[in-house]
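Trainee: First the structure, then my questions, so here it is.
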Amino acid sequence: MDSIFAQATATGRAGVSVIRLSGPQAFDIARIFCKLPAVGRTGLRAVRGRDGALIDQALVLCFEQGASFTGERVVEFQVHGGLATVAKLLSELSEQEGCRLAEPGEFTRRSLENGQLDLNQVEALSDLIDAETESQRQQAIRVLDGRFGDAGEMWRGKLLRAAALLEASIDFSDEEIPDDLSVEVISLVEETRASIAAILERSMMASKIRTGFTVAIIGAPNVGKSTLLNAIVGRQAAITSDVAGTTRDVIECRVDLQGLAVSFLDTAGLRESEDEIENLGISKAYEMAAAADIRVFLVEEVGEPLPIALRDGDIVRLNKGDERSSDVGTVSGKTGEGVSELLSLIAERLMVKTPQDVVAIRERQITGLRAAESFLGRVLELTHADPLPFELASQELYFALSELDFVFGRIDIESVLDEIFSSFCLGK
């Protein structure tokens with residue numbers, strides 16, 4: 001197997017750049033350039049090229065096989081981050097026999113293949129690298145630390161026990177089978193199915209942490225929706241005018257709201273119109289409002305009929321709060337009065353929707369868990385039959401196990417690996 005190398009830090013000028021070398025010959029190759037420090041210790045070394053000329057004074061760190069990110073022998077060169085310095089060392093490494101530039105995500109792929117990470121941790125690492133908000137970072141960490149994998153191992157252990165009991169029933173069908181055998185199978189399957197269902201329920205909202213929540217600002221024309229959007233994002237994102245019907249399309253602005261990625265939508269004013277173009281915008285407004293996680297309704301008067309029925313979590317605010325005698329339940333995009341309170345309330349309600357426990361965050365995971373839950377439901381149906389069809393129940397149970405194995409990367413994952421790793425940078 002080739003040893004691979006890449007710059008692990010971002011390209012461009014920097015105070016320090018890290019070049020990572022991983023593979024069975026990593027130590028031997030690195031010794032060509034400098035004297036290596038003891039494993040697990042850093043050492044300041046003069047790194048020289050093949051011609052003996054000094055490339056840089058660098059901190060060098062060595063990891064033994066099984067104790068590195070990839071699970072292989074790894075050497076890291078922490079050099080000064082000048083473009084020429086980094087390019088020179090990379091060029092020297094590329095000239096060594098059995099050493100080549102890593103492909104995107106190859107370090108992480110080797111970590112998976114060497115058992116340092118499971119498939120879900122690999123995806124979580126990708127999410128951690130891409131995280132833009134604190135909630136995205138926290139969610140990625142929860143998967144990366146192995147808690148989702150621990151849940152999978154628990155499910156697998158229970159279902160393997162249930163499968164063993166069913167297999168025993170098949171093998172010894174001519175003998176008397178204990179009455180409590182099917183009771184234990186049912187208990188194991190019910191517990192596992194309930195646990196999977198609970199994670200699936202949380203996961204539907206948790207996926208929003210990766211993709212972002214949406215908050216639609218709804219109201220009649222000229223009620224101040226665009227002005228409010230501008231106040232929320234702190235810039236002139238939407239055109240404001242005294243002319244009703246100015247906003248004819250959905251304007252979307254993404255912000256980091258207390259660690260949550262939230263897209264605020266300024267929608268067309270909802271009214272009856274004979275303008276064909278405006279009607280298209282109104283239709284789009286209804287569509288986006290239906291899909292939004294929270295709707296903020298701006299109204300002129302208390303008790304004003306709303307164009308869309310309220311849902312749990314929706315917020316109603318009186319517009320032009322700067323012109324009213326009371327600031328209770330009001331907001332003003334013009335002066336900013338009530339905007340911070342509105343944003344705090346939105347964040348609070350989104351936080352309530354956000355699970356802080358183990359969840360599945362990728363569509364691949366959710367699809368597999370749904371399939372496993374369905375197969376386990378079929379197992380339970382069969383176990384209540386009289387007589388119990390052990391062979392059929394066992395087959396459905398193995399189908400469920402296969403789905404879980406796919407979710408946790410035990411089997412049949414080659415088709416998804418290339419897509420996953422292609423999103424990584426060279427140094428990962």
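The values are calculated or read from the model by the stated rules, or taken from the named source; none is laboratory data. The structure displayed is predicted, hence computed values, not measured ones. Don't worry about glycine lacking a Cβ; one is built from the backbone with ideal geometry, like all the others, and counts go over all protein chains shown. When the accessible area is computed, the model is the full protein with side chains, heavy atoms only, and any ligands, DNA or RNA have been set aside. Shrake-Rupley method; radii C 1.70, N 1.55, O 1.52, S 1.80 Å.
Trainee: May I ask you to list the lysines whose Cα is less than 25 Å away from that of Lys208, ignoring any residue fewer than eight positions away on the same chain?
Mentor: Lys225, Lys284, Lys353
Trainee: Taking a label point 7 Å from the Cα of Ala87 along the Cα→Cβ vector, which residues of region 1-45 have an amide N closer than 19 Å to it?
Mentor: What the label zone holds, given the 19 Å backbone N cut-off, is 6-20.
Trainee: Beyond 37 Å, how much of the Cα-Cα pair distribution for the chain remains, as a whole percent?
Mentor: Percent of Cα pairs beyond 37 Å in the chain: 50.
Trainee: Expressed in nm to one decimal, what extension gain is obtained for the pair Arg210 and Glu363 from 0.36 nm per residue of sequence separation less their Cα-Cα distance?
Mentor: Result: 53.9 nm gained on full extension.
Trainee: Hey, got the dipole for the chain? About the Cα centre, +1 on K and R Cβ, -1 on D and E Cβ, debye to the nearest 20?
Mentor: So the magnitude is around 2400 debye.
Trainee: What is the percent carbon and sulfur in the accessible area of region 1-108, measuring with a 1.4 Å probe over the protein chains and ignoring ligands?
Mentor: Carbon and sulfur atoms account for 51 percent of the accessible area of region 1-108.
Trainee: Next question, about the same structure. Per residue of region 390-397, in order, report the coupling 6.51 cos²θ - 1.76 cosθ + 1.60 (Karplus, θ = phi - 60°) as ³J(HN,Hα) in whole Hz, putting x for Gly and Pro.
Mentor: 4, 5, 5, 5, 5, 5, 5, 5
Trainee: Moving on to the next point. Apply 1/(1 + (r/R0)^6) to the Cβ-Cβ distance of Glu153 and Ile129, taking R0 = 25 Å, and write down the FRET efficiency to the nearest 0.05.
Mentor: The formula returns an efficiency of 0.45 here.
Trainee: For a Förster distance of 41 Å, can you work out the FRET efficiency between the beta-carbons of Arg311 and Asp145, rounded to the nearest 0.05?
Mentor: 0.75
Trainee: Residue-wise, which Karplus ³J(HN,Hα) couplings in Hz belong to region 81-92, taking 6.51 cos²θ - 1.76 cosθ + 1.60, θ = phi - 60°, and x for glycine or proline?
Mentor: Going residue by residue, I get x, x, 4, 5, 4, 5, 4, 5, 5, 4, 5, 5 Hz, with x marking Gly and Pro.
Trainee: Considering amide H positions built from the backbone, and no H for Pro or chain starts, which residues 5 or more places from Lys320, or on another chain, come under 5 Å of its amide H?
Mentor: Val331, Gly333
Trainee: Which whole-angstrom value gives the distance between the alpha carbon centres of region 286-349 and region 70-84?
Mentor: Spelled out, the Cα-based centre of one part sits 53 Å from the other.
Trainee: Ok, one more. Between Leu380 and Leu160, what length in nm is gained on full extension when 0.36 nm per residue of separation is reduced by their alpha carbon distance?
Mentor: 77.7 nm
Trainee: Read phi for every residue in region 309-317 and hand back ³J(HN,Hα) as whole Hz from Karplus 6.51 cos²θ - 1.76 cosθ + 1.60, θ = phi - 60°, with x for Gly and Pro.
Mentor: Karplus values, whole Hz, x for Gly and Pro: 5, 5, 10, 4, x, 5, 10, 10, 9.
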